Amino acid sequence: MPKVKVDGVEVEVPQGATVLQACELAGKEIPRFCYHERLTIAGNCRMCLVEVKPGPPKPQASCALPVAENQEIITNSLTVKKAREGVMEFLLINHPLDCPICDQGGECDLQDQAMAYGRGHNRFEENKRAVTDKYMGPVVKTIMTRCIHCTRCVRFAEEVAGVEEIGAINRGENMEITSYLEGAVTSELSGNVVDLCPVGALVSKPYSFEARPWELRKIPAIDVMDAVGSNIRIDARQREVMRALPRINEDVNEEWISDKTRHGVDGLLRRRLDRPWIRREGKLQPASWQEAFELIAERMRGARGDEVAAIAGDLQDLESIYAMQALLRSYGSALHECRQDGAKFGVSSPAAYRFNSTIAGIETAPAILLVGTNPRWEAPLVNTRIRKAVKAGARVFHIGREIDLTYPVTHLGTDLSLLGNLPAEVSDAFQGKENSAIVVGMGALVHEGAYEAARAAAATLGANFNLLHIAASRVGALDLGFVTEGGVDAIRAQAGALRALFLLGADETDLSAFADTFTVYVGTHGDAGVKVADVILPAAAYTEKQGTYVNLEGRVQLSEKAVDAPGEAREDWTILRALSDILGRTLPFDTLSQLRAAIAAEKRHLTVTGLTQFAPLAAPEGPAPSVSGEIVYPIDDFYLTNPIARSSPTLQRCSAEILHGQSFAEAAE
């Protein structure tokens, strides 16, 4: 490892590091606009100038200069200071003076660095150039006169998102950044370019002119739009969530989030359930909590055993699922299910249904077989990891309908029978390779025997076995044992014998079988569940409560409360606790800490944040079952997968424009 001196302090740096990285290891702050640690080096803003000896007698761009043994780096000389002032002066030649109306005001890199490293005045008097704003779709607003050509957005689109739809045209002073033919960017990660932009050239269109950063409370939370468990920050003003931004977590989402995570928050206030409702003579009518509880108690009087059932939805926190399970247990019922999509897989141990390679670990897989999954829509931030693996040399094979995953894929076919007769090229690619992986999606697991066949294929190939879940609540519910032999079909089969069915935010399953069953819906939005409900109890959304979520790899994460729930809505577990009193089956916890203690007494690992390791999955016994059937992916519209997303005007427009080709007229600004 080379040793260098940075402002007289000797530091040891990794081989291949750049001078900028060496300076950061020495604790020095180096200004930059184009450099980003997750993107390739461009070296075109020149703000990171330092003096390097031995070398030419002039400042050099530290981001593009590799470290050499016995280099001496100077970051604070008068020469460096004047050079940075000159670069900043050039950057501001054409930059408009519109900080008072810019959405980046208060969190703008150009603003901050101009104050720290600029001259404070400009000697140029020529007219500033003006650039026509470009159209990039429903989530990214452009003010391209502000652009400083750092090309971060171009490199992100190409290298991380894998959708090469942003680039530069013309040369020199006429250079402009634009999307291809000025069309909407079709990546499901396009909103991240707003975070990357160091100026106000790319800003969030839905958030435009809504708030200033110093007005907002910033609360750490966990995303529930998929099963990845992306770490996010909720920015709220008074009782309204204004935006969601990513938090850095190298093991989960790095520093990216999907557009559904970022822009679904405007669905939190629309179509909300904010008071109890009771169905009288076929029509839903508003009611008080007491009336709703008394009706439930009357209809459930004398119920016991499997006469009471529950289906948990995709967005539920661990606490609400445990409370629901405890209430059913008080009746002696084990008729509860979290797999709304009817997926069939083993639940004998956590390794049987987890993403065992881990999200970060899939990057190192030398060979990957995807079975019945579209990770680009089901888990976009797992897809970016697989893309990294491909760039490192991994081969990816796919069974399912052909789709664009943003990286080269060898398509094997669409029928599950291929699991029992994999081509020789697959075996050769996996042969003797450690950390190789088979990733099975819910689209395959709705077929009987697909799980066992995939397990057998993983054992034959010597690969890690992974399930790619699409529901934020599912792995936590599976850890609690919130499942029934036969799945949701078993509950449908007993619909006629049920005295009561609880739908805990369940909106993604066929509920037609329960048309004549007394149904209690505990949820946040007026979606599919309310259409069959006899009693509706309004609940808090994920931003309105403290909750525990377990992601697809089994990582336990805590989410904080950002805002209060609207109207009379309450947290799910408190609703069930209050109801248990009326039912005469009082649950043994009164506070969130008591509830979590009860969970810890049964499942200790569910109250320990992070990833708890379990025994690896044993090889399957006996011959693999024969299985066949065409794969249908569980998500047919990336933007509209849950009640919050379907209530979001931004995501509705994304779906209409990006997926369905609908055109929208833009008003002149």
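Which of rounded, prolate or oblate describes the stretch 43-177 when judged by the alpha-carbon gyration tensor and an a/c cut-off of 1.5?
Taking the square roots of the gyration eigenvalues as a ≥ b ≥ c, the stretch 43-177 is oblate.
Plugging the Kirkwood radius over Cα pairs into Stokes-Einstein for the stretch 116-244, at a temperature of 25 °C and a viscosity of 0.890 mPa s, what D comes out in µm²/s?
Estimated via Stokes-Einstein, D reaches 147 µm²/s.
Below 28 Å, Cα to Cα, which lysines can Lys205 reach? Residues fewer than 8 away in the same chain don't count.
The reachable lysines, counting only those whose Cα sits under 28 Å from Lys205, are Lys128, Lys134, Lys141, Lys218, Lys260, Lys545, Lys561.
Calculated from DSSP H runs of 4 or more alone, at -39500 (n - 2.57) each and per residue, what is the 222 nm mean residue ellipticity of the chain, nearest 500?
Value at 222 nm, helices only, nearest 500: -6500 deg cm²/dmol.
Report, largest value first, the span of the C-alpha coordinates of the stretch 381-439 along each principal axis, in whole Å.
29, 28, 15
What list of whole percents do you get for P(r) of the stretch 80-152, with Cα-Cα distances grouped in 5 Å bins up to the one holding the largest distance?
With 5 Å bins starting at 0, P(r) equals 3, 14, 22, 26, 20, 9, 4, 2, 0.
Could you list log10 I(q)/I(0) for the stretch 419-576 at q = 0.08, 0.18 Å⁻¹, which the Debye formula gives when each Cα is one point scatterer?
Results for the stretch 419-576 at q = 0.08, 0.18 Å⁻¹ read -0.36, -1.17.
Across bins of 10 angstrom width beginning at 0, how are the C-alpha pair distances of the stretch 139-205 distributed, in whole percent?
22, 62, 16, 0
What's the Kirkwood radius of the stretch 398-474 in Å, using all Cα pairs?
13.4 Å
Could you give the C-alpha radius of gyration of the stretch 575-625 expressed as a fraction of 2.2 N^0.38 Å, taking N as the number of residues it contains?
Compared with the compact-globule rule of thumb, the stretch 575-625 sits at 1.87.
What do you get for GluC sites (Glu not before Pro) in the stretch 60-122 restricted to DSSP loop and a cutoff of at most 11 other Cβ within 10 Å of the site's Cβ?
Loop-located and lightly packed - Glu69.
In Å, what Kirkwood hydrodynamic radius results for the stretch 315-473 from the alpha-carbon pair distances?
After inverting the pairwise mean of 1/r, the radius is 16.5 Å.
Provide, for q = 0.08, 0.09 Å⁻¹, the log10 of I(q)/I(0) from a solvent-free Debye sum over equal Cα point scatterers in the chain.
-0.68, -0.84
Report P(r) for the stretch 228-311: all Cα-Cα distances, bin width 5 Å, range 0 to the bin holding the largest distance, values in whole percent.
All Cα pairs considered, the percentages come to 3, 11, 13, 12, 11, 9, 10, 12, 11, 6, 1.
Considering only DSSP beta bridges where both residues belong to the chain, give the percentage that are antiparallel (nearest 5).
55 percent
Of all alpha-carbon pairs in the stretch 1-107, indicate the percentage at a distance above 24 angstrom.
28 percent
Using only the alpha carbons of the stretch 548-669, what is the convex hull's orientation-averaged projected area in square nanometres?
It is 15.7 nm².
Using the alpha carbons of the stretch 39-93, what is the convex hull volume per residue in cubic angstrom, as a whole number?
86 Å³
Of Arg474, Arg233, Arg387, Arg270, which has the most accessible area and how do the rest follow, probe 1.4 Å?
These residues rank, largest area first, as Arg270, Arg233, Arg387, Arg474.
Scan the stretch 45-131 for trypsin sites (Lys or Arg not before Pro) in coil per DSSP, keeping those whose Cβ has at most 16 other Cβ atoms within 10 Å, and list them by number.
Hits after loop and neighbour filter: Arg119, Arg123, Lys128, Arg129.
The values are calculated or read from the model by the stated rules, or taken from the named source; none is laboratory data. As the structure is a prediction and not an experimental result, all values here were calculated from the model. So basically every Cβ, Gly included, is an ideal-geometry build from the backbone, and we count neighbours across all protein chains shown. Note: accessible area is taken over every heavy atom of the protein model, side chains too, but ligands, DNA and RNA are not part of it. Shrake-Rupley method; radii C 1.70, N 1.55, O 1.52, S 1.80 Å.
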